[in-house]
1. Quick check for me: using +1 on Lys/Arg Cβ and -1 on Asp/Glu Cβ, what's the dipole size of the chain about its Cα centre, in debye to the nearest 20?
2. Here are a few candidate values for log10 I(q)/I(0) by the Debye sum over Cα atoms at q = 0.08, 0.14, 0.15 Å⁻¹: [x] -0.44, -1.23, -1.37; [y] -0.70, -1.26, -1.35; [z] -0.37, -1.13, -1.29. Which one was actually calculated from the structure I just gave you?
3. What FRET efficiency would be calculated for the residue pair ASP109, GLN33, taking the C-beta separation as r and a Förster radius of 45 Å, to the nearest 0.05?
4. If you count only protein heavy atoms and use a 1.4 Å probe, how large is the accessible surface of TYR133, to the nearest 10 Å²?
5. Classify the stretch 262-307 as rounded, prolate or oblate, taking a ≥ b ≥ c as the square roots of the eigenvalues of its Cα gyration tensor: rounded when a/c is under 1.5, otherwise prolate if a/b is larger than b/c and oblate if not.
6. Go ahead and estimate [θ] at 222 nm for the chain from helices alone: -39,500 (n - 2.57) per DSSP H run with n ≥ 4, summed, over the residue count, rounded to 500.
7. Check cross-link reach from LYS69 to the lysines: straight Cα distance under 30 Å, and skip same-chain residues fewer than eight apart.
8. Relative to the longest principal axis of the chain, what angle (0 to 90°, nearest 10) does the C-alpha long axis of helix 65-81 take?
Amino acid sequence: THPNGLGLCEGDCDTDNECEGDLICFQRSGFTQVPGCSGDGIDSHDYCIDPSSCSLSCSLQNVPAVERKEDATRCIQQLIVTTSEFQSNNVVTPSGQERSYTSSQTNDDEPYKALVYIFLAGGADSYSMLSPYTCANAPDGTDTYEEFRDIRGRRTYVNDEGATISVEGVGLPRDRLLPIDGNNPDQPCSIFGIHENLPALRDLYNDGDLGWIANAGLLSMPSDRTNYRGNNPTQIFAHNAMQHDSKRNDLFDFFAGSGVIGRMADILNIDKGIPTNTFSISGSQILLVGEGGYGGPSPFTLSRNGIDAFNQFPEVSTDSIKELNKQTTSDSGFFGETWSLKLSESLDK
């Protein structure tokens with residue numbers, strides 16, 4: 001078949017899927033007249049027709065032999081790249097047995113929920129995103145807002161000419177902050193301020209769709225400049241190390257090779273019986289990898305442009321791909337088996 005489907009009055013088709021657009025495959029025997037087309041065509045060949053009209057007239061155009069050869073070559077190439085032998089350097093020994101797939105879980109008691117995790121790679125000055133605003137609840141009586149402004153560079157001094165100079169520093173004054181309720185009497189601040197250029201975050205918070213976690217980090221224990229190197233297994237001044245360990249959230253390697261959301265999905269699926277899947281639109285992410293052997297879901301990696309339909313114009317059927325990737329024997333190559341398993345699971349979903 002043509003990669004984009006057969007056109008009007010073109011053959012030979014076997015199913016409607018082989019015809020482009022809304023055309024359908026007209027099955028016939030011998031030289032039965034094809035609706036909407038003129039000519040006899042080839043004995044017993046089936047042709048694509050327009051089901052909405054039978055008054056169309058065109059010449060039957062069977063796909064030339066040279067194009068059939070090109071299609072067959074492309075089909076073979078596609079079959080080859082779906083095999084684990086092509087994708088790995090293992091010797092693969094098929095067992096001939098069909099693969100079994102875990103059926104989708106259902107839980108009618110839990111409504112649909114989605115957690116969207118946006119990781120801002122690089123540096124973000126959190127003190128300018130969420131700042132103290134009204135803060136009179138500190139146990140020692142300290143006004144946290146005033147302390148914050150001073151630490152962030154606000155000062156007043158007298159220059160050599162005797163003039164008093166005021167410097168605002170990098171902390172934002174209250175008139176440049178968007179106030180939100182702290183909603184926690186244990187916080188030193190009853191009101192916090194969001195950066196003036198982030199009203200969307202203010203609105204999401206006020207609508208109950210966004211929460212803030214303050215003073216969260218990767219220190220394994222309280223540390224200062226004299227002992228932080230020995231106290232902490234991660235490199236707290238290296239962006240790449242902090243990003244990686246933030247996604248893992250497992251400083252002491254209790255769950256080596258996994259990410260925090262992957263482990264959450266493990267528990268939801270296996271322990272709680274709540275169907276959960278994880279998706280990334282930014283390549284493979286350790287964040288979504290579950291604990292090895294736990295049995296949780298495998299993460300999906302998608303394009304940022306959305307999901308493309310698989311095998312839209314099938315020259316190779318999905319069943320054929322599954323046939324090439326059946327179960328392997330226990331002594332077959334591990335990498336080849338992993339490829340076949342993950343491909344087959346994806347096709348099954």
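1. It comes to approximately 1040 debye.
2. [y]
3. 0.15
4. 40
5. prolate
6. Helix-only estimate at 222 nm: -6500 deg cm²/dmol.
7. Cross-link targets: LYS322, LYS326.
8. 40
The values are calculated or read from the model by the stated rules, or taken from the named source; none is laboratory data. A quick note: this is a predicted structure, and the numbers were derived from the prediction, not measured. We place every Cβ from the backbone using ideal geometry, glycine too, and count neighbours over all the protein chains shown. Heads up: the accessible areas ignore ligands, DNA and RNA and are worked out on the full protein's heavy atoms, side chains in. Shrake-Rupley method; radii C 1.70, N 1.55, O 1.52, S 1.80 Å.
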